[in-house]
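What follows is one structure encoded as structure tokens, with my remarks underneath.
Please treat every number below as a calculation from the coordinates, not as lab data. These numbers were taken from a predicted model, which means no experiment stands behind them. Counting neighbours? That spans all protein chains shown, and the Cβs are built from the backbone with ideal geometry, glycine included.
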Amino acid sequence: MSDLLDIDQLKSTLSSFAKIREWEKFHSPKNLSMAIAGEAGELLEIFQWLTEQQSIDIKDNTLIREEISYELADIILYIIQMATQLNINLSEAIFNKIKINNKKYPINKVKGSAKKYTEYSNNN
């Protein structure tokens, strides 16, 4: 299967999934944001007590990778549903955010650094 996401197809599939179960009433932005946080918490639990190296080595563990893939999918699905509820074009939002990050993190100031943009001055 291709790694290419068809967001419109996912929106349609998710809408149908919720509609036939009569779940639309539960998919408010508040509830969806909480669901995203909950699923992100489940993803964090997988890594919580691992060392940095153990977290990297997970790529060799098929069972844990599968668990991670399910949590990532849950997060993405809730994000798509929330964007749909709020009429946010995810493709546009993602590319706009990349442009913003390119301005916040100019290569000549941040290359090789993990500092947040607020930790360096635009004058340096």
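Return the residues of region 70-90 that are more than 19 Å from residue 19 (Cα to Cα) and among the charged types (D, E, K, R); say none if nothing qualifies.
Residue satisfying the conditions is 71 alone.
Does region 61-69 contain at least one residue that is within 16 Å of the chain's Cα centre (by Cα), of a type outside the set (Asp, Glu), closer than 30 Å to residue 12 by Cα and assigned to a helix (DSSP H, G or I)? Step through it out loud before you land on a result.
Initial filter on region 61-69 (within 16 Å of the chain's Cα centre (by Cα)): 67-69.
After this cut, where a residue has to be of a type outside the set (Asp, Glu) as well, the list is 68-69.
Going one step further and asking which of them are closer than 30 Å to residue 12 by Cα, we end up with 68-69.
Narrowing further to those that are assigned to a helix (DSSP H, G or I): 68-69.
Looking through region 61-69, at least one residue is within 16 Å of the chain's Cα centre (by Cα), of a type outside the set (Asp, Glu), closer than 30 Å to residue 12 by Cα and assigned to a helix (DSSP H, G or I).
If we scan region 88-99, do we find a residue that is under 22 Å from residue 30 (Cβ atoms), surrounded by 10 or more Cβ atoms within 10 Å (Cβ to Cβ), within 17 Å of the chain's Cα centre (by Cα) and in contact (Cβ under 8 Å) with a residue 40 or more places away in the chain?
Of all residues in region 88-99, those under 22 Å from residue 30 (Cβ atoms) come to 88-90, 93.
Now drop any that are not surrounded by 10 or more Cβ atoms within 10 Å (Cβ to Cβ), which leaves 88-90, 93.
Add one more test, that the residue is within 17 Å of the chain's Cα centre (by Cα), and what stays is 88-90, 93.
In the following step, the residues that additionally are in contact (Cβ under 8 Å) with a residue 40 or more places away in the chain were identified as 90.
Yes: one or more hits.
Count, please, the residues in region 24-57 that happen to be exposed (fewer than 11 other Cβ atoms within 10 Å of the Cβ) and not in a helix (DSSP H, G or I).
Number satisfying all stated conditions: 3.
Can you go through 68, 80, 76 and tell me which one is closer than 20 Å to residue 3 by Cα, of a type outside the set (Asp, Glu), touching a Lys or Arg at 6+ places or on another chain (Cβ under 8 Å) and surrounded by 16 or more Cβ atoms within 10 Å (Cβ to Cβ)?
80
Can you name the residue in region 8-22 that is exposed (fewer than 12 other Cβ atoms within 10 Å of the Cβ) and either of a type outside the set (S, T, N, Q) or touching a Gly at 6+ places or on another chain (Cβ under 6 Å) (or both) and is also nearest to residue 91 (Cα to Cα) among such residues?
8
Give the number of residues within region 79-109 that are charged (D, E, K, R) and closer than 19 Å to residue 8 by Cβ. Break it down into steps so the answer makes sense when it comes.
We begin by selecting, within region 79-109, every residue charged (D, E, K, R); these are 92, 97, 99, 103-104, 109.
In the following step, the residues that additionally are closer than 19 Å to residue 8 by Cβ were identified as 92.
Counting residues in region 79-109 that are charged (D, E, K, R) and closer than 19 Å to residue 8 by Cβ gives 1.
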